[in-house]
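Right, one structure below, let's go through it.
No lab work stands behind these numbers, since they all come straight from the coordinates. Quick caveat, the model's predicted, so the values are computed rather than measured. Neighbour counts are summed over all protein chains in view; Cβ atoms, including those assigned to glycine, are modelled from backbone coordinates with ideal geometry.
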Amino acid sequence: MIPVTDAIALRDDELVFDFVRASGPGGQNVNKVSTAVQMRFDAAGSPSLPNEVRERLIRLAGNRATLDGVIIIDARRFRTQERNRQDAIDRLVALIVKATHRPKPRRRTRPTASSRRRRIDDKKRRGAVKKRRGEKPNLDD
């Protein structure tokens with residue numbers, strides 16, 4: 001079990017790991033050893049997640065989520081499989097924790113009387129400037 005919050009824990013069998021060759025540091029080892037991790041988590045079919053957390057998680061995952069609701073995380077920061085595997089798990093847990101926070105609903109507010117008055121005054125001033133553009137200049141000065 002992978003603990004996420006007090007109420008949510010993921011089962012180990014919900015995560016699928018594929019190891020692929022990574023670019024980057026590692027010297028000649030890079031061409032021989034598959035250290036990069038591609039982790040898949042079926043968020044849409046996971047029994048561990050409440051419905052509202054599941055929906056927010058898929059929305060938060062963005063282009064890391066497939067149309068079927070499977071989240072794919074690539075981890076290739078480190079030189080060993082185990083550290084990349086743990087990095088992928090940590091990133092998924094952080095994403096789920098972020099999805100557990102319910103966003104505060106926005107309350108509509110009304111503009112103040114003074115801000116409405118300022119807006120109208122600015123519009124009148126701007127209109128007067130535009131109106132004066134068509135007038136002939138006063139050359140009596």
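With the convex hull constructed from alpha-carbon coordinates only, the range 2-100 shows a mean projected area of 6.2 nm² over all directions.
Ranking of 48, 23 by neighbouring Cβ atoms within 10 Å, starting from the fewest: 23, 48.
Just to verify a number: FRET efficiency for residue 112 and residue 77, C-beta to C-beta distance, R0 = 41 Å, to 0.05? Using R0 = 41 Å, I get an efficiency of 0.25.
Sorted ascending by nearby beta carbons within 10 Å, beginning with the fewest, 129, 93, 16, 53 become 129, 16, 93, 53. Taking the helices alone, the chain has a mean residue ellipticity at 222 nm of -12500 deg cm²/dmol, built from -39,500 (n - 2.57) per DSSP H run of at least 4 residues and averaged over all its residues. Summing Lys and Arg as +1 and Asp and Glu as -1 over all other residues whose Cβ lies under 11 Å from the Cβ of residue 22 gives a net charge of +3.
Extending 7 Å from Cα along the Cβ direction at residue 90 and again at residue 18 yields two label points whose distance is 2.5 nm.
The angle between the Cα long axis of helix 113-133 and the main principal axis of the chain comes to about 60°, on a 0 to 90 degree scale. Placing R0 at 22 angstrom, the Cβ-Cβ distance between residue 100 and residue 38 gives a FRET efficiency of 0.35 after rounding to 0.05.
Short-range pairs are left out: with C-alpha atoms under 8 Å and at least six residues apart, the relative contact order of the chain is 20 percent. Once the Cα atoms of helix 81-100 and of the chain are each reduced to a long axis, what angle between those two axes, in degrees from 0 to 90 to the nearest 10, is obtained? It is inclined by approximately 40 degrees.
Sorting 92, 10, 15 from the fewest to the most surrounding beta carbons within 10 angstrom yields 15, 10, 92. Subtracting the Cα-Cα distance of residue 2 and residue 66 from 0.36 nm times their residue separation leaves 20.8 nm of extension gain. Cα axis of helix 51-61 to longest principal axis of the chain: angle in degrees, 0 to 90, nearest 10? Between the helix axis and the principal axis of the chain, the angle is about 80 degrees.
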